[in-house]
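In what follows, a structure is listed as structure tokens, so that the remarks can point back to it.
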Amino acid sequence: MARIFANYVEKAKRILDQNWIGSSTKPAPALYPHQWNWDSGFIAVGRSHYDTPRAILEIETLFDAQWLNGMVPQIVFDRDSLGNYFPEPDFWQTERSPNAPPGKLTSGITMPPVLAVAVEKIYRNARRPRTVLPFLERIYPKLLTLHAYLYRERDPNDEGLVYIRHPWESGIDNSPTWDIPLGRMQVDRATLPPYERKDLGHGVDPKTRPADEDYDRYVYLVDLFRGCDYDEARIRESCPFLVQDPLFNSVLCRANESLAEIANLIGESPDQPRSWAEQTGSAIRRKLWHPEHKIFDCYDLAANMPIEVDTSAGFLPLFAGAASKEQAEDLYKRLDSTSFCALHQGNCFTVPNYDTQQEGFDRANYWRGPVWININWMLAQGLRRYGYTLKADSLQKDLLQLPIRFGFHEYFDSFDGTGYGTDNFSWTAALFIDLVHEFYETERASSRIAAKARGIFSSGVVLNSGDETCGVASEELAGALMRSIRTLRDAFYDTGRGLVDYHALRESAEYKEYRRLTTGLRDFDLCQLVGRRDKLAFWVNLYNTIVIDGIVSLGIKQSVREAPDFFGHLKYAIGGQLFSADDIEHGILRGNARPWFHVLRQFGTRDPRKAWIVKPLDPRIHFALVCGSRSCAPIDYYDSATIYDQLEAAAKSFVNSSEVIALPEEGKVLLSEIFRWYEADFGGKRGVVDFLYDYVADEGARRFIRENAEAVQFEYIYYDWNLNR
Ligand code: DGY
């Protein structure tokens, strides 16, 4: 793990320790002094990586205050901290309800039910998962009761969509979406019970908090609930705010998946949570999709109409796997645009909470524009689930750098990263820990695989040997081979997502044709390649396909490291000489340089293959050579006519991905190991600095690099060798 991450993980843990209040964690030191429902879910996810007992206690403390009807309250009040928050138990008066949990002080609403997801993660991240099973057995019936409460009390039409009855239940309190239903409520302050806001102190700028008019409405609704003694049927009759929200329902749908997993683990039937997940997923797809806006919106049950306001909550069906493939594709287009900060846009952090192009967008105000870590954490998982790996990586990059650069704040400015709200915010710290673990978890997995696989094969494999011949004349061969590679690209490479469908490729006629043509290489005369662009395209494409050919031929499952010296052993016979992927890269394309893992240059002094070196060396090839792994360049086909433009685009894309993270406040840039291995190709450290300056899109990062060209320090990010499947 880059040292810098380790230091910040320690800092994040200290924040969680400081916010620990005996048997749970408060969200922040002063602004939120009690236990909050979904905060505890996210906090438990972070803690699950290093302190299973506390992660379990966090969740059990919350469920100790579960209502008798199954509702898990939004807030469990800490008796020792009363007097610093509004509204507290004296205002909620939940004792009016026969369902309120005896002896506990709670609010009378709930929050997005992320808890089953957290519980599953506690199990999966535990060092000895078996020891967590008794906890799963204890908590499972309580989680089931929570979900049953939601479907029973909050889904009056039995649609599979549950409603929220207060903006605080959404977790995104003053989202612009609520302006419409709240705006309909005629609230006269004079008739409201008197109250005093307590959230405006604590050093937090009031402009970044909800408005007084919003609070009047929040209070109006609480007053209505207590007037109904928290009886759900009576509330349903009179509440003007009943909204089916894609965020709440997506979290519920995803939580049902976890609940089914937990059921399996403890030998219970997963049928009920599975059928809930299916019902909710299909209802989200059907009812909450806005076919023109191409995003999921809320449905206002009280007014019986959709609320056509698009926020980042509308992307969360990705998290639940609830969006259809077509919807996901449309959503992705909307997400990856200036509205929500596009890939490589360069002047923003993803994903702001509200469309930056809307008039009501406010970069600093709570849920009306800033970037929130929890929403992005869910979105990154959703994007991965649908295969949008590059975008997921870029979210992850932002989620790692925002707390490092701007502090563990509650929320962040989408354009310049300024931290807003309270500092030392628990879920920012907790999810940071989770993200760092996710970033590095493959490291351990792939080195284990490598260790196991050592010795699978020892001598080189010539992939185009055998008796077959291709029957294509030598002068036609290069063109035919390049066309065949382009066909493979069109059919099996997802260049946008940087992935290869190895499974489909393996059995395809296109791949068979490619293999047939490679037999022609045995007699191919390399003198036929004339001109630098033709040579570059030939060797780059051949390198990329020998890697794919090798992965398929060897039946690699997880990582090219399953085959020791993968890049040295796989060869094509070309014109009577043998070329491995390493020969192509280090010998031909890097001007016979020394590979980073060897002491000698690739070709010895008398090696005749030196005749084919492509000069001069272009360091951008490092972003076009695909090594079959998640950390290398996304695959593409390179056309000799356009190869310079393509190399330019490949370099730009790589430098602006999660493989380069500038941390001006630390005087550092975190870089892919590619820049360490091939530093000499860029002209030494100073050459790397100049290169980054040329390609980095983020204006702040460019300024930093320019002003610190000599002093900037590099730290190298672990290279993910897992397959780009
Ligand atoms: C607050 O007090 O601002 C909370 O978000 C309510 O849950």
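Some observations on this one:
- Zero-based 20 Å bins, Cα pair distances in the chain, whole percents: 16, 46, 28, 9, 1
- Listed by chain and number, the aspartates and glutamates whose C-alpha is less than 15 Å from the C-alpha of Lys207, apart from same-chain residues fewer than 8 away, are Asp173, Asp199, Asp362, Glu410, Asp413.
- For the stretch 651-717, the convex hull drawn through the C-alpha positions has a volume of 71 cubic angstrom per residue.
- Estimated 222 nm signal from helices in the chain, with DSSP H stretches of n ≥ 4 weighted -39500 (n - 2.57), rounded to 500: -14000 deg cm²/dmol
- Inter-part distance where the stretch 544-563 and the stretch 261-294 are each reduced to a Cα centre, Å: 36 Å
- Between 0 and 90°, nearest 10: helix 426-453 axis offset from the chain longest Cα axis: 30 degrees
- Between helix 325-335 and the chain there is an angle of about 80 degrees, using the helix long axis and the longest principal axis of the Cα atoms.
- Excluding same-chain neighbours fewer than eight residues apart, the aspartates and glutamates reachable from Lys610 by a Cα-Cα span under 19 Å are Asp523, Asp525, Asp534, Asp582, Asp583, Glu585, Asp618, Asp681.
- Inter-part distance where the stretch 1-63 and the stretch 166-224 are each reduced to a Cα centre, Å: 27 Å
- Computed over the stretch 142-194, the ratio Rg/Rh where both radii use C-alpha atoms and Rh is Kirkwood: 1.09
- The trypsin sites (Lys or Arg not before Pro) found in the stretch 122-152 that occupy coil by DSSP, while having at most 16 further C-beta atoms within 10 Å, are Arg127.
- Computed over the stretch 6-51, the quotient of the alpha carbon radius of gyration and 2.2 N^0.38 Å is 1.09.
- Scattering curve values for the stretch 1-125, log₁₀ I(q)/I(0), Debye with Cα scatterers, q = 0.12, 0.14, 0.17 Å⁻¹: -0.46, -0.60, -0.85
- Rounded tilt (10° steps) of 389-406 against the dominant C-alpha axis of the chain: 60 degrees
- Subtracting the Cα-Cα distance of Tyr693 and Ala190 from 0.36 nm times their residue separation leaves 175.1 nm of extension gain.
- Accessible area per residue, Å², the stretch 44-170 with all protein chains present, probe 1.4 Å: 35 Å²
- Cross-link pairs beyond the 21 Å C-alpha cut-off, checked among Lys325/Lys397; Lys333/Lys557; Lys13/Lys198; Lys104/Lys142: Lys325/Lys397; Lys333/Lys557; Lys13/Lys198
- Amide hydrogen neighbours beyond the local backbone of Ser107, cut-off 5 Å, H modeled: Gln74, Ile75, Phe77
- Qualifying GluC sites (Glu not before Pro) in the stretch 159-230, DSSP loop, other Cβ atoms within 10 Å at most 10: Glu196
- For the stretch 81-222, the Kirkwood hydrodynamic radius comes to 18.2 Å, computed from all pairs of different C-alpha atoms.
- Relative to the 2.2 N^0.38 Å rule of thumb, the stretch 169-258 has a C-alpha radius of gyration ratio of 1.24.
- Counted charge near Asp216, where neighbours are those whose Cβ lies closer than 13 Å (Asp, Glu -1; Lys, Arg +1): -3
- 3J(HN,Hα) from dihedral phi, the stretch 621-626, Karplus parametrisation 6.51/-1.76/1.60, rounded to Hz, x for glycine, proline: 4, 5, 9, 10, 7, 9
- In this structure, Asp231 and Glu710 have a Cβ-Cβ separation that, at R0 = 60 Å, corresponds to a calculated FRET efficiency of about 0.30.
- Sum of side-chain charges, Gln279 neighbourhood, beta-carbon under 10 Å (Lys, Arg +1; Asp, Glu -1): -3
- Whole-angstrom gap from the stretch 355-378 to the stretch 391-428, using each part's C-alpha centre: 12 Å
- Residues whose placed amide H lies under 5 Å from that of Leu663, excluding near-sequence neighbours: Lys668, Val669, Leu670
The values are calculated or read from the model by the stated rules, or taken from the named source; none is laboratory data. Keep in mind the model is a prediction, meaning the values are calculated, not measured. All Cβ positions, even for glycine, are placed from backbone atoms using ideal geometry, and neighbour counts span all protein chains on display. All accessible areas refer to the heavy atoms of the entire protein, side chains included, with ligands and DNA or RNA removed. Shrake-Rupley method; radii C 1.70, N 1.55, O 1.52, S 1.80 Å.
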